Amino acid sequence: MSDFETILLERKGRVGVITLNRPKALNALNAQLMGEVVAAVTDLDRDPEIGAILITGSERAFAAGADIKEMAPKSYMDMYLDDWFAAWDRLASARKPTIAAVAGYALGGGCELAMLCDIILAADNAKFGQPEIKLGVIPGIGGSQRLTRAVGKAKAMDLCLTGRNMDAEEAERAGLVSRIVPAADLLTEALATATTIAEMSLPIAMMAKESVNRSFETTLAEGVRFERRVFHSTFATADQKEGMAAFVDKRAPEFTNS
Ligand code: CO8
């Protein structure tokens, strides 16, 4: 239960589920929704009972972008002084695994929100795009950067310069999404994936996420060195002892997140 108005927050076992909930505006990301998502993720990220965070929207729209009606009248100084959307850096720095379950439109800031997550699961009706250029702006929450890293320069340029959408199949081929599932199964599949992750050792899952993310920030040699040092440190955990003992004993591990 929560006081949020533009999102729903539920705890399903060890998974925190955030559902964007402005259906009349196709979940357009206004300042209130943005603040509520950041608050919910911050809360779930700190909660020891939570092992993974799932963000989803409706069957029609994950999110159709930043709220154009809210942004339209703003001046340069409004945007600059407020540092519009800087608060979403908090989502990028979430330490627990995050999954976006995307059905329908994930456009502009909606596509960027999905890309802030570690895994994107797409319904077969999902549509991704960075249409900002059609509004006389450019992506502003990392779209030109994260999309390029995910799908390469050729396709990122195509999407950012023409503003066209790509469907789920093209997005999967391009490497933006991890998997496509039938729209009717999206939430079940996403929750099953999130639960699988949440039932792993939390410290080890956090280390795995941190290590993969490091590859975006550094050279290969530094990244491999970082990974090796983190790998060594897994041997300081009880869960490494339990995981390996369980394999030898031919039983399922019982991780204690320690
Ligand atoms: N903002 C505000 N309202 C929206 C938005 C939006 N992004 N998208 C849809 N809506 C509203 C519509 O205005 C409409 O409201 P109403 O019924 O009151 O007129 C309602 O949602 C339903 O939308 P449509 O009637 O348009 O539904 P359709 O099925 O005909 O079309 C589309 C669906 C194709 C998704 C269409 O709504 C659309 O093109 N939406 C805009 C998509 C877009 O351009 N997104 C990018 C926005 S810009 C952005 O995200 C920039 C992010 C970076 C900012 C960083 C600043 C630093």
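The values are calculated or read from the model by the stated rules, or taken from the named source; none is laboratory data. This structure is a prediction, so every number in the text was calculated from the model and none was measured. With ideal geometry, Cβ positions are generated from the backbone for all residues, glycine too; neighbour counts draw on all protein chains shown. Only protein heavy atoms, including side chains, enter the accessible area calculation; ligands, DNA and RNA are left aside. Shrake-Rupley method; radii C 1.70, N 1.55, O 1.52, S 1.80 Å.
A dipole drawn for the chain from +1 and -1 charges on Cβ atoms has a positive end, and of Val137, Ala101, Met244 the residue lying farthest that way is Met244.
Residue ranges 134-147, 89-102 sort as 89-102, 134-147 when ordered by packing (mean number of other C-beta atoms within 10 Å per residue, highest first). Of Asp185, Asp124, Asp45, the order by accessible heavy-atom surface (1.4 Å probe, DNA, RNA and ligands excluded), from most exposed downward, is Asp124, Asp185, Asp45. Relative to the dominant Cα principal axis of the chain, helix 186-198 is inclined by about 40°. A DSSP coil position with no more than 13 other Cβ atoms inside 10 Å describes none of the GluC sites (Glu not before Pro) in the stretch 148-213. Evaluated over the chain, the count of Lys pairs having alpha-carbon atoms less than 18 Å apart is 8 (only pairs 8 or more residues apart or interchain). Candidates Ala31, Ala87, Gly13 compared by Cα position along the dipole of the stretch 1-89: farthest toward the positive end lies Gly13, with charges placed on Cβ. Spacing of the modelled spin labels on Arg173 and Ser93, each 7 Å from Cα toward Cβ, amounts to 3.9 nm.
Report, to the nearest whole %, how much of the accessible area of the stretch 202-249 belongs to carbon and sulfur atoms, 1.4 Å probe, protein only.
On the way: 2110 of 3290 Å².
That share works out to 64 percent.
Roughly what angle does helix 220-234 make with the longest principal axis of the chain, taking Cα atoms, 0 to 90 degrees, to the nearest 10? Once rounded, the angle reads 50 degrees. What's the angle, to the nearest 10 degrees (0 to 90), between helix 238-249's Cα axis and the longest principal axis of the chain? On a 0 to 90 degree scale, this one is about 60. Each Cα pair under 8 Å and six or more residues apart adds its sequence gap; the mean of these over the residue count of the stretch 7-199 is a relative contact order of 22 percent.
Computed about the Cα centre, the dipole magnitude for the chain is approximately 540 debye when only Lys and Arg (+1) and Asp and Glu (-1) carry charge, each at its Cβ.
The modelled label-to-label distance between Gln145 and Ala192, using points 7 Å beyond Cα along the C-beta direction, is 3.6 nm.
Considering helices alone, the calculated mean residue ellipticity of the chain at 222 nm is -13500 deg cm²/dmol, with DSSP H runs of length four and up weighted by -39500 (n - 2.57) and normalised per residue.
Taking Lys and Arg as +1 and Asp and Glu as -1, the other residues whose beta-carbon sits under 12 Å from that of Ala245 total -1.
The residues of the stretch 7-199 expose on average 45 square angstrom of accessible surface per residue, using a 1.4 Å probe on protein heavy atoms.
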